[in-house]
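The values are calculated or read from the model by the stated rules, or taken from the named source; none is laboratory data. These numbers come from a predicted model, not from an experiment. All Cβ positions, glycine included, derive from the backbone under ideal geometry; neighbour counts span all protein chains shown.
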Amino acid sequence: MASVQTRRGGARGAALRDLAGRWAFMAPAAALLGLTLAYPIFYTIQISFSELNLGTFQPDGFVGWDNYRTVIEDDRFWQALRVTAIYLVAALPLQIVLGFSIAWLINAEWQGRGVVRALFIIPMVVAPVVAGGVWRMILDPLWGLANHLIGLFGLGPVDWLGDPTLAMATVVIIDTWRWTPFVVLIATAAILALPKEVFEAADVDGANWWYKLRWIALPLLMPMIAATFVVRWLGAVKMFDIALAATGGGPGHATAVINLFIYDEAFRSLRFAESSAMAIIVLALTMILTGLFLLGARRLERRY
Amino acid sequence: MQSNHSGWRIDRRAALTAALALIAAAPALAQEGLGTAAAPVEVRMIANEAFARQWQTAMVPEFNKKFPHVKVTIDGVPYNELLAKSLLDVTGASPLYDVIIADDPWTPQLAQTGSLLDLKKDAAAWTDKDFDWDDFNAAPLAASSWNGVQYGVPLRSNMLLMFYNRTLYQKAGVPEPTPKLTWDEYMAQAPKLVQDTKGGGKPDAWAIGTYFMRDVLTPTIWQTILNSNGGQLLDKDMKPAFVTPDGIKALQTHIDLVKFAPPGAASHGFNESLQAFRQGQVATMFMWGSVFKGTAVDAATTTLKPEQVGIQVMPAGSKGPGAHRGIWSGVVSKKSKNPRAAFALLQWLSSKEGEKWHANTLGVFPARKSTLAAKPESDWLVPVYAALQQAYEAAQAGQMWRPRHPKSDAVQQALADETARAISGQATAEAALKAAAARIERVLR
Amino acid sequence: MSTQARSDERPTLGHRLRIAGGLFACAVFLFPVAWMVVTSFKMPRDIFTTPPKLFFTPTVDTYIQYFGHAEVMKRMANTVIVAFGSGLVSIVAGAMAGYALARLPIRGAPTIGVIILLSRGVPPIALAVPMFLVARKLGLTDQHITLILAYCTFLIPYVMWLMRGFFLSLPPELEESALLDGCSRFGAFFRIILPISMPGLVSTLIFCVILAWEELLFALVLTNRNATTIPVAIAGIAGDTVNGANWGALTAVGTLTVAPVVVFALAVQKWLIKGIADGAIKG
């Protein structure tokens, strides 16, 4: 263990001080989050088991699992989970692979790379409403540039947003466009932090690029790949702004991800109790899956 | 929780007592509650961001000419979150807002919390003698009443109307619509309105632009068709009543409209259909009347000229022409500290004089019969007023509005979901309506 | 080891291809942004044309209209305060927690770390309403500090986890030698670990600022007027239910909001490299 004791005398006091010093690192974050999140999470759980009085926004009578039953019996809830799963399975690996590859590309040393790196973050900064709208503008079969270009080759028009399968692909494309820059941003820092000496030594040994990638770069990057994945996963589970701006969850239910559904139920239908129950279910599912990812990540970290 | 609940009761009683005390004292202190130069009163309003700024910069100064000591602050909130935010505020112990600007279906949802002033009772003493309630058209006034109580006054009226592009009708050789035009006739004309105007070998103008995407306003299209055939979404007991041959036919008509709409129309809603019409790409548009100025008059936003654009009620069913109501009303919070000043603002803006100013200066549509009968200052408003008056009457006759219920938005959301499934071909009209009915029954249980 | 020396070593074809590939990727990702900027100079009637108009009479009316608007500028200032405030608080608190997780074996800390991370699993929509109720009870609605605290709740877990990853990849000898030299833990962290982690720190800070910059839901619910941010204004323009969304205005305001963040990213660029150089010297 890394604990260091400076003097033998007063070891007990030093150990205590050391422990306090260690906890001091954890304390600000834990305290901030505890203070700001404890009540809201408690409230959400409480509401999910109650009827909500819209006159006070306080729980009005315990109803047991009723809200949960309502949610589970609602086929739209399952549909939304399915849609979310499809979106996550398609978008997450794509963004991680693309992000790390592009980070490697734009890290090539030349004068312009600082500017390229800075420009690359723009898709993340564009407000989702504007991003969704601009993409709609580009993809619309009537006045969109995309179909106009396809049309020059005698193809199309493709109904990017009106066809259920294509609409899902469109949402994945827009989301990937928006969030790959995040992966690039983090991956750039991770790649920059790689110890150059190891690669130079490998060069001297005449290792080929695949060997360097598979046996040197990948193991060194693994903690950051795992961390990026977990952060992106937690962000992606909550995605609804892009779907709302680009498709409104349609056509039909094709792109109605779970958080859009919760948003609709809470803010449009004012069914806060049911939406709280849904939020708790989603929280539980997210926790289980995140737990699995963390276990997997730890395994990977240990392996390399 | 129980204590909170009763706490609210006490608040309500206290507010009522206070209001009654004010009413009793009112004749003696005619200007009480309207502020003085030394001690102005403040009125805060929560409104749709779409018009909050326009009101703050243009309407408030005009109001202050008559009521100089009432300081009005208007906060704009984007439409999607306005109801939730209003509800959160009005139910608080000391709400920030004195006036809430509520969309058509929201009055029951706000009123059921017991936090709105009954204008005809609580504000009766503050009401001017010449404030003519009966001059309002019945349909817009009813938007802010619920269970027989008048909670608000109509401030910005809007109706779902039929816009048409005269040039495209002429090119297609189709007679221009009249209020007598039926849905059957319109559907027979629609194929002719899909045309190749520039000789490019394929269609470049289509018949129809309107709501098709997954959106809460999309069901209003087939609901209007249903209403104009005498049908209703909910019966007297608030049970779904739309799974009928008429209901299925209405939704089917809405679905069939996609065939005569531009490519990609299945994902079009308010903004897209509006743009297509403004670009001269669709011959007809079922759309809110408020867009008329930007569609026919304002050269920065439209390619069309006023003389090219016609406007009238929606096509007729067996019971007459169709329309659908969309009224923004002003309501007063019961816990407002300056209810009199808040009501003064609503009263002035909806009075004969205020409404006329509002319509002529800002182009906002009026609700009063007298305003609609008078000649507007701008010529482009003449056909709009005629269409509006007809639409109010049609809406009143056929009860063409969204369900009046504290869970109105949940009902509308269910309709929107299932309508979207039907339009995208994921369900038949009948299956979608059955699913919607089952869900609505659950919501209203 | 200077960067110049390294690039001199291999001006190979592979290297050129890599640069070209990076530029191509950048062009692809920036295309929709370019379209946004082009659209912001169009009059509303020129935006939705068939075929799309590439040549049009440009107008800066929308910019003048919105840039001169006191409300927009105030909202921009609010956005800056809130984004950087929450970004800085989160980066400090989060990096410390991440360091504890990566390097300080304390009983229970990993559990707390995981709980903090899992708190991100709560859909934000569910949190917005109770947070508003709390803020109202404390009389804190419509204030910058409320938004900053709210944003910290979702930024800190991210920072913690990302920085943990960066700290893990540092050689442990660094702080061990510092501690042996008599540095306190805090001293070692702030003077040795943080400077060498600059690339990760800066990237994470950029990420935090962006997330807070574009956040809409909490801003909508928790503010009314004084602390309202730009995304709320954008949502308002997009949700114009009276005249239809003004896409000229939307893209103009969209462009305006992007600019400060890009400038910020460019300004902190050098720290990405500097950290490495410092680390190389000290390590």
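For the range C:239-250, check the following and say yes or no: at least one residue is under 23 Å from the mean Cα position of the chain (by Cα), more than 25 Å from A:Ala190 (Cβ to Cβ) and modelled with pLDDT under 90. Checking the range C:239-250: at least one residue is under 23 Å from the mean Cα position of the chain (by Cα), more than 25 Å from A:Ala190 (Cβ to Cβ) and modelled with pLDDT under 90. The set of residues in the range B:348-389 that are touching a strand residue (DSSP E or B) at 6+ places or on another chain (Cβ under 7 Å) and either in a strand (DSSP E or B) or not hydrophobic (A, V, I, L, M, F, W, C) (or both) comprises B:Ser350, B:Lys352, B:Glu355, B:Arg368, B:Pro383. Within the range A:137-146, none of the residues are more than 11 Å from chain B (Cβ to nearest Cβ) and charged (D, E, K, R).
Where helices (runs of 4 or more DSSP H) fall entirely within the range C:14-120, those with at least 1 residues that are within 23 Å of the chain's Cα centre (by Cα) and surrounded by 20 or more Cβ atoms within 10 Å (Cβ to Cβ) are at C:70-103, C:109-118. Checking each residue in the range A:191-212 for being within 11 Å of another protein chain (Cβ to nearest Cβ), farther than 15 Å from A:Ala108 by Cβ and in a helix (DSSP H, G or I) picks out A:Glu197, A:Glu200, A:Asp203.
Residues C:Val242, C:Val253, C:Val202, C:Val209: which one is among the β-branched types (Val, Ile, Thr), surrounded by fewer than 24 Cβ atoms within 10 Å (Cβ to Cβ) and assigned to a helix (DSSP H, G or I)?
Working: C:Val242 fails: assigned to a helix (DSSP H, G or I); C:Val253 fails: surrounded by fewer than 24 Cβ atoms within 10 Å (Cβ to Cβ); C:Val209 fails: surrounded by fewer than 24 Cβ atoms within 10 Å (Cβ to Cβ).
Exactly one of C:Val242, C:Val253, C:Val202, C:Val209 is among the β-branched types (Val, Ile, Thr), surrounded by fewer than 24 Cβ atoms within 10 Å (Cβ to Cβ) and assigned to a helix (DSSP H, G or I), namely C:Val202.
Checked against (1) small (Gly, Ala, Ser); (2) more than 14 Å from chain B (Cβ to nearest Cβ); (3) in contact (Cβ under 8 Å) with a residue 60 or more places away in the chain; (4) surrounded by fewer than 23 Cβ atoms within 10 Å (Cβ to Cβ), A:Ala245 passes all but condition (2).
The single condition among (1) basic (Lys, Arg); (2) over 28 Å from B:Arg214 (Cβ atoms); (3) in contact (Cβ under 8 Å) with a residue 60 or more places away in the chain that B:Lys434 does not satisfy is (2). Just one residue in the set B:Ala427, B:Ala420 is among the aliphatic types (A, V, I, L, M) and part of a helix (DSSP H, G or I); that residue is B:Ala420.
Residues A:Ala169, A:Ala103, A:Ala91: which one is farther than 29 Å from C:Ile230 by Cβ and either in a helix (DSSP H, G or I) or not β-branched (Val, Ile, Thr) (or both)? Let's see the steps before the verdict.
Values: A:Ala103 fails: farther than 29 Å from C:Ile230 by Cβ; A:Ala91 fails: farther than 29 Å from C:Ile230 by Cβ.
Of the residues listed, the single one that is farther than 29 Å from C:Ile230 by Cβ and either in a helix (DSSP H, G or I) or not β-branched (Val, Ile, Thr) (or both) is A:Ala169.
State which residue is farthest from the other protein chains (Cβ to nearest Cβ) when the search covers only the range A:147-169 and only residues that are buried (at least 23 other Cβ atoms within 10 Å of the Cβ) and either without any contact (Cβ under 8 Å) to a residue 12 or more places away in the chain or not hydrophobic (A, V, I, L, M, F, W, C) (or both). This residue is A:Asn147. Checking B:Ala316, B:Ala276 one by one, the residue that is among the aliphatic types (A, V, I, L, M) and at pLDDT below 95 is B:Ala276 and no other.
Tell me which residues, restricted to the range C:227-264, are over 27 Å from C:Pro58 (Cβ atoms) and touching a residue at least 24 places away in the same chain (Cβ under 8 Å). Explain how you work it out, then say what you get.
Residues of the range C:227-264 that are over 27 Å from C:Pro58 (Cβ atoms), as a first pass: C:227-229, C:232, C:241, C:264.
Listed by number, the residues that qualify are C:Ala227, C:Thr228, C:Thr229, C:Val232, C:Phe264.
Looking across the range A:43-57, the residues that are modelled with pLDDT of 90 or more, touching a Pro at 6+ places or on another chain (Cβ under 8 Å) and facing chain C (nearest Cβ under 10 Å) come down to A:Tyr43, A:Thr44, A:Gln46, A:Ile47. It is to be established whether one or more residues within the range B:360-380 are within 14 Å of chain A (Cβ to nearest Cβ) and out of contact with any Gly (no Cβ under 9 Å at 6 or more places or on another chain). There is no residue in the range B:360-380 that is within 14 Å of chain A (Cβ to nearest Cβ) and out of contact with any Gly (no Cβ under 9 Å at 6 or more places or on another chain).
A single member of A:Val115, A:Val184 is assigned to a helix (DSSP H, G or I), surrounded by fewer than 20 Cβ atoms within 10 Å (Cβ to Cβ) and within 9 Å of another protein chain (Cβ to nearest Cβ), and it is A:Val115.
Hey, can you tell me all the residues within the range B:229-240 that are within 22 Å of B:Val216 (Cβ to Cβ) and touching a helix residue (DSSP H, G or I) at 6+ places or on another chain (Cβ under 8 Å)? Don't jump to the end; show me each part of the working.
Looking only at the range B:229-240, we keep the residues that are within 22 Å of B:Val216 (Cβ to Cβ), and these are B:231-235, B:238-240.
Within the range B:229-240, B:Gly231, B:Gln232, B:Leu233, B:Leu234, B:Met238, B:Lys239, B:Pro240 qualify.
Candidates are the residues of the range A:15-34 that are aliphatic (A, V, I, L, M) and either more than 15 Å from C:Phe186 (Cα to Cα) or not in a helix (DSSP H, G or I) (or both); the one that is nearest to the other protein chains (Cβ to nearest Cβ) is A:Ala29. Across the range C:156-189, what is the total count of residues that are more than 7 Å from every other protein chain (Cβ to nearest Cβ), crowded, with 18+ Cβ neighbours inside 10 Å and in a loop (DSSP other than H, G, I, E, B)? Selection size over the range C:156-189: 1.
Considering only the range B:134-141, I want to know if a residue exists there that is within 30 Å of B:Leu34 (Cβ to Cβ) and either acidic (Asp, Glu) or in the same structural domain as B:Pro321 (by TED's automatic domain parsing) (or both).
Yes.
Any residue at all in the range B:81-94 that's in the same structural domain as B:Ala344 (by TED's automatic domain parsing), basic (Lys, Arg) and assigned to a strand (DSSP E or B)? Explain how you work it out, then say what you get.
Of all residues in the range B:81-94, those in the same structural domain as B:Ala344 (by TED's automatic domain parsing) come to B:81-94.
Cutting the leftovers down to basic (Lys, Arg) gives us B:85.
Next, from what is left, pick out any that are assigned to a strand (DSSP E or B): none.
No; the residues of the range B:81-94 include none that is in the same structural domain as B:Ala344 (by TED's automatic domain parsing), basic (Lys, Arg) and assigned to a strand (DSSP E or B).
For B:Gly114, the stated conditions hold: it is on the phi > 0 side of the Ramachandran plot and touching a residue at least 60 places away in the same chain (Cβ under 8 Å). Only one of the numbered conditions (1) part of a helix (DSSP H, G or I); (2) buried (at least 22 other Cβ atoms within 10 Å of the Cβ); (3) touching a helix residue (DSSP H, G or I) at 6+ places or on another chain (Cβ under 8 Å) is violated by B:Glu307, and that is (2).
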